[in-house]
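The values are calculated or read from the model by the stated rules, or taken from the named source; none is laboratory data. Only a predicted model underlies this, so the values are computations on that prediction, with no experimental measurement involved. Heads up, the Cβs are rebuilt from the backbone with ideal geometry, glycines too, and the neighbour counts pull from every protein chain shown. Side chains included, ligands, DNA and RNA excluded: accessible areas come from the protein's heavy atoms. Shrake-Rupley method; radii C 1.70, N 1.55, O 1.52, S 1.80 Å.
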Amino acid sequence: MPETQRPGRGAAAGLSPVNTLESRLDYPFGETLPEPGRKLEVAPGVYWIRKPLPFALNHINLWLLRDRFQDREGWTAIDCGIASDETRALWTSVIAEELEGLPIVRVLCTHTHPDHLGNAAWLTERFDAPLWMTLGEYAMGRILQSGLAGTDGPGIVAHFVAHGLRDPSHSDKLRERTNYFSRLVPSMPLSYRRIADQEWIPVGAYRWQVITGFGHSPEHASLYSPEIQVLISGDMLLPRISTNVSVHAMEPEANPVQQFLDSIDRFRGLPDTTLVLPSHGRPFRHLLERITQLHDHHAARLDEVLELCRSPSSAADVVPIMFRRELDTHQLFFAFGEALAHLHALWFRGLLERRRDGDGVFRFRTV
Ligand SMILES: [Zn+2]
């Protein structure tokens, strides 16, 4: 799922306060990107492919790991891209040209967002390969895919109205935002292999350990291989933009900012020389610097929100403080969730109190 976009450096640039810190990271491949439909080796047996996304965030990185799984020589695919014709055409050329005539023997999705999961059914059916995921991500995917969540369209509008959304043009557009997930993920494998935190997964010549993370999605799986010092971080550690952390209608009392910050601290035990393979942006080193940057980024956001809440403020009041530009409906959805997430982080820390006013709107103010 796209990450939060902020004003500043152009459409796909992401968060301006963080961008200025980008130079403190090391990008071992420089500006080199894999050609469309081609793979690029980034570590022994680990290959990078890129797929387009029809959002301001215009690409996702996927990874191919050379594998021998259940007596089949082939490849483990990490994440799949959305289920678009364009992405599938690129997959078709990767399959024809880049897999050395071998099959995909396993698909592992870091989390359930459509840009990661979209083609899981298409790939696993084509190759008779299993899908590996955490329970939290697989189950949430099935719920969203089936349309049972009840948090599309009207459900979103009710959630946002309770947090101060007034503009009828926005609520009309949000109400139309139905079947968003199932359009990008038209089907899901009906069974899966569960993976869990700290589990070791042998892939080809190397072992990868699952490191789960929270706040961005229900039970995100990152993978770390100590033998080659590579972290497939998924959306939990991105070099340029900050990962979206939202309070969604299905879990309106969530505290995802805190969950996210606690989760990225779990990477602090890894060597700083680790090559980080993020789902968006370029592979980088210096994860400790990046973790500190992300903490600083959220601390600054939280300070702004706390200051605003000297007078009672709703999430709708916070959105223009955190996102100082015109937002389309897609961006508003994430901006609103993120604004509420920052209010909740302060509320859970006991720095804000929450009250539901006579107009039905939740407002927060400093204690
Ligand atoms: Zn995501």
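Quick notes on this structure:
- The residue of the stretch 206-219 that is farthest from the ligand (Cβ to nearest atom), among those that are under 16 Å from Trp132 (Cα atoms) and open to solvent by 20 Å² or more (accessible area, probe 1.4 Å), is Arg207.
This table checks each residue for (1) of a type in the set (A, V, I, L, M, F, W, C); (2) open to solvent by 10 Å² or more (accessible area, probe 1.4 Å); (3) within 16 Å of the ligand (Cβ to nearest atom).
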| position | (1), (2), (3) |
| --- | --- |
| Leu190 | yes, yes, no |
| Gly204 | no, yes, no |
| Ala221 | yes, no, yes |
| Ser225 | no, no, no |
| Val230 | yes, no, no |
| Ser233 | no, no, yes |
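- Enumeration of residues in the stretch 110-142 that are more than 16 Å from the ligand (Cβ to nearest atom) and farther than 22 Å from Gln198 by Cα: Ala121, Trp122, Leu123, Thr124, Glu125, Arg126, Phe127, Asp128, Ala129, Arg142
- If the condition is being in contact (Cβ under 8 Å) with a residue 24 or more places away in the chain, hydroxyl-bearing (Ser, Thr, Tyr) and open to solvent by less than 50 Å² (accessible area, probe 1.4 Å), then the stretch 156-186 contributes Tyr180, Ser182.
- Picking from residues in the stretch 89-109 that are in contact with a Ser or Thr (Cβ under 7 Å, 6 or more places away or on another chain) and either assigned to a helix (DSSP H, G or I) or among the β-branched types (Val, Ile, Thr) (or both), the one that is farthest from the ligand (Cβ to nearest atom) is Val105.
- Any hit, the stretch 248-255, residues being surrounded by 21 or more Cβ atoms within 10 Å (Cβ to Cβ), within 16 Å of the ligand (Cβ to nearest atom) and either without any contact (Cβ under 8 Å) to a residue 24 or more places away in the chain or within 15 Å of the chain's Cα centre (by Cα) (or both): no
- A residue that is within 18 Å of Phe55 (Cα to Cα), open to solvent by less than 70 Å² (accessible area, probe 1.4 Å) and not in a helix (DSSP H, G or I) occurs somewhere in the stretch 325-346.
- Qualifying residue in the stretch 127-137 (condition: farther than 19 Å from Pro186 by Cβ, touching an Asp or Glu at 6+ places or on another chain (Cβ under 7 Å) and not in a helix (DSSP H, G or I)): yes
- Residue check for Leu231: without any contact (Cβ under 8 Å) to a residue 60 or more places away in the chain and under 19 Å from His280 (Cβ atoms): yes
- If you check Ala77, Ala56 for being of a type in the set (Gly, Ala, Ser), open to solvent by less than 20 Å² (accessible area, probe 1.4 Å) and farther than 15 Å from Leu184 by Cβ, only one passes: Ala77.
- Residues in the stretch 212-241 that are over 25 Å from Arg72 (Cβ atoms), in contact with a Phe, Trp or Tyr (Cβ under 6 Å, 6 or more places away or on another chain) and hydrophobic (A, V, I, L, M, F, W, C): Leu231 alone.
- Subset of the stretch 52-88 (residues that are free of Cβ contacts under 8 Å to residues at least 12 places away in the same chain and either touching a Gly at 6+ places or on another chain (Cβ under 8 Å) or assigned to a loop (DSSP other than H, G, I, E, B) (or both)): Asp71
- Any hit, the stretch 209-219, residues being hydroxyl-bearing (Ser, Thr, Tyr), under 20 Å from the mean Cα position of the chain (by Cα) and outside any strand (DSSP E or B): yes
- Residue list for the stretch 93-123, restricted to those being out of contact with any Gly (no Cβ under 8 Å at 6 or more places or on another chain) and either open to solvent by 10 Å² or more (accessible area, probe 1.4 Å) or of a type in the set (A, V, I, L, M) (or both): Ile95, Ala96, Glu100, Gly101, Val107, Leu108, His113, Ala120, Ala121, Trp122, Leu123
- Pair list, Cβ under 7 Å, 6 or more apart: the stretch 139-155 residue within 16 Å of Ser187 (Cβ to Cβ), other residue open to solvent by 40 Å² or more (accessible area, probe 1.4 Å) and modelled with pLDDT of 90 or more: Met140/Pro218
- Output for the stretch 277-288, where each listed residue is away from the ligand (no atom under 16 Å from the Cβ) and either open to solvent by 50 Å² or more (accessible area, probe 1.4 Å) or part of a strand (DSSP E or B) (or both): Phe284, Arg285, His286, Leu288
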